[in-house]
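Trainee: Sharing a structure with you now.
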Amino acid sequence: MTSLNARYFDGRTARGHEVRLRFDATGHVEITGIEPGLRFALGTLSISSRVGNTPRSIALPNGAKCETDDNDAVDAALAAQSQQRYARLRHRLETAWPYILALFVCTAAAVWGLVNYGVPEIARRAAFAMPVEADRALARSTLEVLDHRLFEPSQLEASRREALEARFRSAVAALDPRYEFRLELRRSEAIGANAFALPDGTIVVTDALVQLAENDEELLAVLAHEIGHVIHRHALRSVMQNSAVALLLAFAVGDVVSVTSLAAALPTMLVGAKFSRDFEREADRFALEFLRARHIPTYHATVILQRLEAAAGRTPDGLDYLSSHPGIEERAELFGRAP
Amino acid sequence: MNQAGESGTQARFEFSGRAAEYFRIWIVNVFLTIITLGIYSAWAKVRRNRYLYGSTSLGGAAFDYLADPVAILKGRLIAVGFLALYSAAGHFAPPLQSLLALLFLPFLPWIVIRARKFTLRNTAYRNIRFDFNARKREAAAVYIGWPILIPLSMMLLYPFYVWRRAQFLTARSAYGMQTFEFRANPGAYYLAYLKFGALFLLVLASGSALFVLGLTQTDSGSRVAAVALALLATFFALLATFSYKDVCVANLTWSAIALNGMQTQCTLQTRRLYWIALSNLFAVLLSAGLLIPWATIRMARYRVSSLRLDGAQNLDALVGTQSESIGAAGEEIGEFLGIDIGL
């Protein structure tokens, strides 16, 4: 038998009454302190689950509510009738520091697993389940916008351009026929020696990069990396992964928003950079296979990457974790060094 | 706790939440949300709000958060579905995105009303629920009409709009059978924004002066240091200026809510709020998020404890009413799109 003090609110006015609740062994509760006294079966009450030491509310069948600070007494009464097993379990989870410590470790592990394997795997499956038209829609009119804002027509000699395009066409001939791989040469002061892929299979290469390369094999190594981005559908996957992480973060620590949005943006950016590095690695592995299948020595990739890095100026050490590309050392390891 | 004043009894809002206790509830929430891929977040929101509401008391009785997690989950699914559609349209078919935004506009008043109604209906005090009853036409005027007029008036109408929005949200709210009154006038908001504007210009001017002074340093090392210092000082001064404005508006709004001869009084101080917000930010960043619960509790304690109710002897006379349940879609969509619905 348990008893406790509570404030009784009838729901018709805001006036409260001090009452005493007595839980008896027959599964009934008796309320005294108001006229007339009340008696209900425990099963007809709706008792809120425990949240920390905030007051509990006990809703009565007559529309009234009892509010009490005596959480332990309520729990004892419920335990005697074996009610709210899960809620009491959760409260125990929320109270004991050893559980909390274990949970903290589990949370860290779950976040790590989700960011490293869960989200990328789900995004990969979802992307490959979508038709290639999705990638094409993603790239629609992108090149036109870039031509308007960033690019000028290529100033390479026509014969050089045609030779490059012919080399490119024969190299991509055996690839997935659903993509229409096209080589687009452009001149740009702003982005210098550079190459990138649009998700529909358009590969843009700047004049400066063509001039930086000492032979076609080096250029093909760069093109192979860009084709890897297309074949592995990185644009679509990156959109999905980044939104999934941002959403999950917003859900998991909803409080952050009230503290400041900066605290929420930073981890999203860090995770985004990590995803980006993973995609670069995948594109590198594709390039490796691509070059090997065409009997092109893979060290050409290392050579052009090193030259690109020298042209762009060195990035400071220690910032690798923030960078969107893997370090040059790691990539040289993969492609091998020039003999 | 209660003191007799000239206008009758004063009752302070009190906050009894503790960071160590809330941390444990929070970490369980985060864990369950992550392993259920976000599904549990609806239950987590209810537990979080139950803790924060339950830790807030007035005149010896606590507030109660009664929302049904399943309603919140449904609302979240609708909100996420809409956002996914909207952002997918942005990536794949930009014209469709503009069309979606246009189609969405007529629903905005509905969302505002439903969001506020959901929050207030699920807030109870002394076994009586709050409520919100507004016409869509008025919500449309406040949330669509005014925002169109403001740029046309070169922002001169902005303080009036802030007042109008607070008035709409307060005066259409109810506690049981009683309707709230909003007792502020637009003039006070204009004065607050005038002070803010003057302060803002002063900070910008002195910031630029410091910047120029930094540029005139002859030594290149001290030039970089001086310029960086000027930028940093300006940044924190601007942050303080915005805190000042937020505190002024919050004090005006929260001191104007009247019910049955009672009125709230809000006495936030810029200095303290700025300090709490800034130290919270650094604590959260440096602890990789672990101090989020501490920051939440600290901020809630300060905000709640700066609020009091004058004329509290009238509390007991307030009358309740019956009410039915309501869906959460409006609130969740509003929350996701960052529509400013709360006071």
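Trainee: Leaving ligands, DNA and RNA out of it, report the carbon-plus-sulfur percent of the accessible area of the stretch B:53-144 at a 1.4 Å probe.
Mentor: Roughly 68 percent, rounded to a whole number.
Trainee: Just the number, please: carbon plus sulfur as a percent of the accessible area of the stretch A:131-335, 1.4 Å probe, no ligands or DNA/RNA counted. Working shown, then result.
Mentor: On the way: 5600 of 10060 Å².
Taking all protein chains in place, the stretch A:131-335 shows 56 percent carbon and sulfur surface.
Trainee: Would you work out which of B:ALA184, B:ASN127, B:VAL224 lies farthest towards the positive end of the dipole of the stretch B:103-238, given +1 charges on the beta-carbon of Lys and Arg and -1 on that of Asp and Glu, about the Cα centre?
Mentor: Towards the positive end, the residue furthest out is B:ASN127.
Trainee: Still on this structure, I have one more. Semi-axes of the equivalent ellipsoid for chain A, please: Cα gyration tensor eigenvalues, times 5, square-rooted, ordered largest first, whole Å.
Mentor: 68, 20, 18
Trainee: Chains A and B: buried accessible surface, both sides, probe 1.4 Å, rounded to 100 Å²?
Mentor: By this definition, chains A and B bury close to 4600 Å².
Trainee: Report the convex hull volume per residue for the stretch A:154-313, counting only C-alpha atoms, in Å³.
Mentor: Given the Cα convex hull of the stretch A:154-313, per-residue volume reads 128 Å³.
Trainee: Accessible area per residue of chain B at 1.4 Å probe, in Å²?
Mentor: Ligands and nucleic acids excluded, the figure is 48 Å² per residue.
Trainee: Hey, another quick one. Over the stretch B:185-254, how many percent of alpha carbon pairs lie in each 5 Å bin up to the one with the longest distance?
Mentor: All Cα pairs considered, the percentages come to 3, 18, 20, 16, 12, 10, 8, 6, 4, 2, 1.
Trainee: Same structure again: Can you divide the C-alpha Rg of the stretch A:132-231 by 2.2 N^0.38 Å and report the result to two decimal places?
Mentor: Compactness ratio reported: 1.03.
Trainee: Let me ask something else. Quick one, could you list the DSSP H helices from chain B stretching 27 Å or more along their long axis (Cα atoms) with average Kyte-Doolittle hydropathy of 1.0 or above?
Mentor: Helices meeting the span and hydropathy rule in chain B are B:69-92, B:186-215, B:220-254.
Trainee: Right, another one. Express in whole angstrom the spacing between the alpha-carbon centres of the stretch B:151-218 and the stretch A:274-288.
Mentor: 49 Å
Trainee: Could you tell me the distance between the Cα centroids of the stretch A:33-106 and the stretch B:111-141, to the nearest Å?
Mentor: 28 Å
Trainee: Compute from the Cα atoms of the stretch B:146-219 the Rg and the Dmax, the latter being the longest Cα-Cα distance, and quote both in angstrom.
Mentor: Rg then Dmax for the stretch B:146-219, in Å: 19.9, 72.
Trainee: For A:LEU270 and A:ALA129, calculate 0.36 nm times their separation in residues minus their Cα-Cα distance, and state this gained length in nm to one decimal.
Mentor: Value of the extension gain: 48.0 nm.
Trainee: Just tell me how shielded A:86-92 is by partners: mean number of partner chain Cβ atoms within 10 Å of each residue's Cβ, no decimals.
Mentor: 1
Trainee: With +1 on each Lys and Arg Cβ and -1 on each Asp and Glu Cβ, how big is the dipole of the stretch A:131-335 about its Cα centre, in debye rounded to the nearest 20?
Mentor: 320 debye
Trainee: If you average the C-alpha positions of the stretch B:268-299 and of the stretch A:141-190 separately, how far apart do those two centres end up, in angstrom?
Mentor: 52 Å
Trainee: Now, a different point. Using the crude model of +1 on Lys and Arg Cβ and -1 on Asp and Glu Cβ, and no other charge, please compute the dipole size for the protein assembly as shown relative to its Cα centre, in debye to 20.
Mentor: It works out to roughly 2000 debye.
Trainee: Using only Cα atoms and rounding to the nearest 10 degrees, what angle (0 to 90) does helix A:299-312 make with the longest principal axis of chain A?
Mentor: 80 degrees
Trainee: Compute the convex hull volume of the Cα atoms of chain B, divide it by the residue count, and report the result per residue in Å³ as a whole number.
Mentor: 190 Å³
Trainee: Still on this structure, I have one more. Per the Kirkwood definition applied to all pairs of different Cα atoms, how many angstroms is the hydrodynamic radius of the stretch A:2-91? Don't skip to the end; give the middle numbers.
Mentor: Numbers: mean 1/r = 0.0760 Å⁻¹.
Value: 13.2 Å, from the Cα pair sum.
Trainee: Relative contact order of the stretch A:131-335: what whole-number percent is it, with Cα pairs under 8 angstrom and at least 6 residues apart?
Mentor: 19 percent
Trainee: Which one of A:GLU67, A:GLU133, A:GLU189 has the biggest mean-square fluctuation once chain A is modelled by GNM with Cα springs under 10 Å?
Mentor: A:GLU67
Trainee: Separate question: Name the lysines eligible as straight-distance cross-link partners of B:LYS195: C-alpha to C-alpha under 27 Å, and not fewer than 8 places from it in the same chain.
Mentor: Within the straight-line cut-off, B:LYS195 pairs with B:LYS245.
Trainee: Compute the Rg/Rh shape ratio of the protein assembly as shown: radius of gyration over Kirkwood radius, all on alpha-carbon atoms.
Mentor: When Rh is taken as the Kirkwood radius, the ratio is 1.05.
Trainee: Right, something else. Taking amide H atoms as placed 1.01 Å from N in the peptide plane, list the residues 5 or more away in sequence, or in a different chain, whose amide H sits under 5 Å from that of A:THR2.
Mentor: HN-HN under 5 Å from A:THR2: A:PHE23.
Trainee: Using the structure shown, list the pairs from B:LYS45/B:LYS136; A:LYS274/B:LYS117; A:LYS65/B:LYS136 with a Cα-Cα distance above 30 Å, or answer none.
Mentor: The pairs that break the limit, which is 30 Å between Cα atoms, are A:LYS274/B:LYS117; A:LYS65/B:LYS136.
Trainee: Compare the Cα positions of B:GLY54, A:HIS325, B:SER243 along the charge dipole of the protein assembly as shown (+1 at Cβ of Lys, Arg; -1 at Cβ of Asp, Glu; about the Cα centre) and return the one farthest towards the positive end.
Mentor: Selected residue: B:GLY54.
Trainee: Can you list residues whose amide H is under 5 Å from B:PHE180's amide H, if they're 5+ apart or on another chain and H is modeled 1.01 Å from N?
Mentor: HN-HN under 5 Å from B:PHE180: B:SER173, B:ALA174, B:TYR175.
Trainee: At 1.4 Å probe size, with the rest of the protein present, what percent of the exposed accessible area of the stretch A:2-91 is carbon and sulfur atoms?
Mentor: On the stretch A:2-91, the fraction of accessible area on carbon and sulfur atoms equals 48 percent.
The values are calculated or read from the model by the stated rules, or taken from the named source; none is laboratory data. Everything quoted here is computed from the prediction, not taken from an experiment. Using ideal geometry, Cβ is built from the backbone for each residue, glycine included, and neighbour counts are taken over all protein chains shown. For the accessible areas, the whole protein counts, side chains as well, though only heavy atoms, and no ligand, DNA or RNA atoms are used. Shrake-Rupley method; radii C 1.70, N 1.55, O 1.52, S 1.80 Å.
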